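Each remark here refers to the structure printed beneath this line.
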Amino acid sequence: MIHVGLILDAQSWVGKIVDSCISMAISDFYSRNCHYQTKLVVHTRDSGGDPLLLLSQALVLLENFKLDAIIVAENSAGVKILAELGSRVKIPIISLFAAGLSLSSFEYPHLIQIGEDESSRAKAIAAIVEAFSWRSAILIYEDNDSARPILSSVTGFRLDQHVALLTSPTDEEIVEQLMKLRSLQMTVYVVHMSPILASRLFLNAKQLGMMTQGYAWITTDMITNFMNSMDPSVFESMQGVVGFKPHIPASKELRRFAIRWRSKNLNENKNLEEMEMNVYGIWSYDMVWAVATAAERVMTRHPHILHQETRLNMNFTTIRSSESGLVFMDEILQSRFKGISGGFQLTNGRLIPKELQIVNVFKGERIIGYWNPGNGITSLMKQENHNETNSTSSSKLESVIWPGGTMNIPKGWSLHGKRLRIGVPANNGFREIISVTRDPRTNETTVTGYCVDVFKEAVQSLGYEVHYDFIPFEDANGQMAGTYNDLILQVYYKNYDAVMGDTTILASRFPYVDFTMPFTDIAVGTVVPKINKKSIWIFLMPLSGDLWITTAAFFILTGLVIWFIERPINEEFQGSLCEQIGMIFWYSFSTLVFANKEKLLSHLSKFVVIIWVFVVLIITSSYTATLASMLTVQQIELNLKQDYVGYHYGFLLSRAVSNLNFKNPRLKPYKSAEEYADALGRGSNNGGVSAIVDEIPYLKVFLAKYPSDYTISKSNTTTGGFGFVFPKGSPLVQDISSAIMRLREEEKLQLMENKWFRSTKSIFTDQDTRSNPSRLNLHSFGGLFLVTGISSTSALLLCLFQKTRAIIIRKFKFFLNSMDSVKDYLKVRYITTLTILFN
């Protein structure tokens, strides 16, 4: 006889199912294995759901029987104490309910648990949250040893906020926590607690209107496994809930067992007539088979151990302990068979379901998909997805009916009809960007400007209503009640729900608030007066002095080379000395306008001219472009001691000035475009400034008013542009940012800019005061001069070589001719002499 203790809550529905399933498992096992030498004898005790009574009943069993194992059908704090007791007496403690990640097999080697571990629960929850594109969810858990361990596993899984409920709270305490949750903007809740506490939670949530459209509730298997045992009123309050529960593969054996179980218990317990088989009943059935099989193997392999026992003296009693505990535990852990729950196999002392069902509660439970650690979310037609891995797409799920009976996926947050208090800066000075006016008769405040149009258009494009009021940030005199940092901090202090206006996105502000995507240019520019076009020497400015000298030298060099090559063979390059000097200058400089009409005869001179004309084309084109630019843009050369720089009041200038490479300029703040124009018009020497440094939107407004007198000479990306301000974690940030991006793609932002800034396109001419690139220097054209110099020199040397060669050949021919004359003379003399001699 193998004595096994069974401790459960005999009054609970699940306790009754487990008791009946264990009884059927023993009967079925030994009817099939009647020849076995061992037999399980189960001693059942009722704990009444009390952890202390659970421990007491275990001690009573250990005192009265030589137990080989204890099965616990409770998920309470007493299981942990019982696991410690099992380590003392060295017998297996089998918990049908997983009591949390803290009870590891290393810490409690004699503990066997059944159910999902906390890590898998957290991953499944994260998969659902990600599948429906929710930014985050709120975890509501019971503050006890069974539910608390999930906190260590949900870190980083989009569960940003946690709400703990006491194990036995009053309804007032539950309502208080739910009211706090309802005041938040997030509407996705994950519930992880005992079924008893969950029942009270959902009943109160329904009364508070939190089980309506827009909300999403997700339950873990800790609740969903007991859904069928809940009161009908509780079940009705949970309509629209999405939950996880272990997936038990359908089989003939399971179906036959369920039919036999219902038939057997129909007369014995009429309360089970309306209930379905619970997963814990199925697991307990298979676990009994594993224990019975392990007992027989121990008897077969170690028959002497089963008959040995020892007595342990506790402080208050003496208990009997079996010597077979360690061997028995090993045999159970090695069990491998196919049960009614599927493949039975323990991993690290735990029976973990290989897959979870995702169910939707609506007039019953219906399966909408599956989840497992390897493949993530899979559809009901799993065979279509066997090659897919780590899927988190909601498209794999069947349609979900959410609270309120809607199939529209909740956004994950809600304003709950609240009117947002939007703070706006007062008396900006640039009325085109944002302007606050108050009617003295009606005292009605009107807010207008580019920022207002962008905000209204973005909000209007959202798929839901957002009600808001603009609240000027001003004092009793109608002036700005502080700096822009003070205005932004009002959101952090929850005095405003958001800020709309010309608020610059800066890294130093992100610890306090969140910004939307910028809706303006993300740059800082410098405005200067346009150049004085009355200078008579402006045509010399595009080229540096060394470039002018070098260019003139090459003009003369090219003319000399062509003259040297063409003069001997071309009559147009001959004449008096003055005519030839004039031809040298005329021909080379006429290439500037391509007006040279003289015909070249030498291929060498043609080659030189081709190269030179190419160089002239490049130089003249660059000269023309630079001169045109200089007629528009004046180079800034701020002097350390004399020049002042103006900026917009409230603009954080230090970083912008350092990035624009100004050397410690003296700064003057201004508030409006009119003040900018007055300061620039007077200049640094007359109490004004030489340049204005500001963000591009302000400069656009300024240039729209004064387009003919001033221009932007440089820009630098040192700020993030203007963005709307919201509290940290506000879900409106992403939606408004998406709306701004749509406005940009649809070019509506540009239309609004044209409306308020009167179209200031192509106002940038990016320059750098350090290298003065607007003036062309010799280094820029060094390669061209090198090419034309080499070509001219080569042609000249080749020409000299040809002329030298021609002279040598001519002299050699003359020599040969001279030799022929001598020969003829000698021949005549010779003949004459012979004639005289013979005569």
Examine region 99-107 for a residue that is surrounded by fewer than 18 Cβ atoms within 10 Å (Cβ to Cβ), in a helix (DSSP H, G or I) and touching a helix residue (DSSP H, G or I) at 6+ places or on another chain (Cβ under 8 Å), and state whether such a residue exists.
no
Please find, within region 177-205, the residue that is surrounded by the most Cβ atoms within 10 Å (Cβ to Cβ) out of those that are among the polar types (S, T, N, Q) and outside any helix (DSSP H, G or I).
T187
Would you mind finding the one in V693, V725, V689 that is in contact with a strand residue (DSSP E or B) (Cβ under 8 Å, 6 or more places away or on another chain), free of Cβ contacts under 8 Å to residues at least 60 places away in the same chain and β-branched (V, I, T)?
V689
Some residue of region 33-45 being open to solvent by less than 60 Å² (accessible area, probe 1.4 Å) and either modelled with pLDDT under 90 or among the small types (G, A, S) (or both):
no
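Only strands (runs of 3 or more DSSP E) wholly contained in region 264-381 count here; list those with 2 or more residues that are farther than 24 Å from L59 by Cβ and at pLDDT 80 or above.
336-339, 342-345, 356-361, 365-372, 376-378
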From the residues in region 545-560 that are under 14 Å from V613 (Cα atoms) and in contact (Cβ under 8 Å) with a residue 40 or more places away in the chain, which one is most open to solvent (accessible area, probe 1.4 Å)?
L557
At pLDDT 90 or above and at positive phi - does that describe any residue in region 196-212?
yes
Residue hits (region 165-176; free of Cβ contacts under 8 Å to residues at least 24 places away in the same chain and open to solvent by less than 80 Å² (accessible area, probe 1.4 Å)) are T170, E173
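When you scan region 704-717, do you find a residue that is part of a helix (DSSP H, G or I) and modelled with pLDDT of 80 or more, even just one? Write out each step before concluding.
If we filter region 704-717 for residues that are part of a helix (DSSP H, G or I), which is where we start, we get 704-705.
Still in the list and also modelled with pLDDT of 80 or more: 704-705.
So far as region 704-717 goes, yes, one or more of its residues are part of a helix (DSSP H, G or I) and modelled with pLDDT of 80 or more.
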Give region 460-474 a look and list any residue that's in contact with a strand residue (DSSP E or B) (Cβ under 9 Å, 6 or more places away or on another chain) and among the aliphatic types (A, V, I, L, M), or say none.
V466, I471
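So that you can scan it fast, the table gives a plain yes or no per residue for (1) of a type in the set (S, T, N, Q); (2) in contact (Cβ under 8 Å) with a residue 60 or more places away in the chain; (3) open to solvent by 20 Å² or more (accessible area, probe 1.4 Å):
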{"site": "S335", "(1), (2), (3)": "yes, no, no"}
{"site": "K354", "(1), (2), (3)": "no, yes, yes"}
{"site": "F362", "(1), (2), (3)": "no, yes, yes"}
{"site": "E365", "(1), (2), (3)": "no, yes, yes"}
{"site": "N375", "(1), (2), (3)": "yes, no, yes"}
Across region 206-235, what is the total count of residues that are part of a helix (DSSP H, G or I) and surrounded by 18 or more Cβ atoms within 10 Å (Cβ to Cβ)?
9
Picked from region 410-446 (must be among the β-branched types (V, I, T) and touching a Ser or Thr at 6+ places or on another chain (Cβ under 7 Å)), the residue surrounded by the most Cβ atoms within 10 Å (Cβ to Cβ) is V436
Given the conditions (1) in a loop (DSSP other than H, G, I, E, B); (2) under 22 Å from K363 (Cβ atoms); (3) open to solvent by less than 10 Å² (accessible area, probe 1.4 Å), every one holds for V154 apart from (2)
Check whether at least one residue in region 158-177 is on the phi > 0 side of the Ramachandran plot and either more than 36 Å from the chain's Cα centre (by Cα) or not aromatic (F, W, Y) (or both), and report yes or no.
yes
Go through (1) assigned by the TED database to the domain that holds P51; (2) open to solvent by 20 Å² or more (accessible area, probe 1.4 Å); (3) assigned to a loop (DSSP other than H, G, I, E, B) and name the single condition I91 misses.
(2)
Answer residue from region 447-480, given it is of a type in the set (D, E) and without any contact (Cβ under 8 Å) to a residue 40 or more places away in the chain and is most open to solvent (accessible area, probe 1.4 Å) among those:
E465
Selected residue (only one of P542, P511 is open to solvent by 20 Å² or more (accessible area, probe 1.4 Å) and within 51 Å of the chain's Cα centre (by Cα)):
P511
Give just the number: which of (1) over 18 Å from R431 (Cα atoms); (2) assigned to a helix (DSSP H, G or I) does L462 not satisfy?
(2)
Of all residues making up region 236-248, the number that are in contact (Cβ under 8 Å) with a residue 40 or more places away in the chain, out of contact with any Asp or Glu (no Cβ under 8 Å at 6 or more places or on another chain) and surrounded by fewer than 21 Cβ atoms within 10 Å (Cβ to Cβ)
2
Looking only at residues in region 481-492 that are of a type in the set (S, T, N, Q) and part of a helix (DSSP H, G or I), which one is surrounded by the most Cβ atoms within 10 Å (Cβ to Cβ)?
Q490
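The values are calculated or read from the model by the stated rules, or taken from the named source; none is laboratory data. This is a predicted model, so every value here is computed, not measured. Every residue, glycine as well, gets a Cβ built from its backbone with ideal geometry; the counts of neighbours run over all protein chains shown. When the accessible area is computed, the model is the full protein with side chains, heavy atoms only, and any ligands, DNA or RNA have been set aside. Shrake-Rupley method; radii C 1.70, N 1.55, O 1.52, S 1.80 Å.
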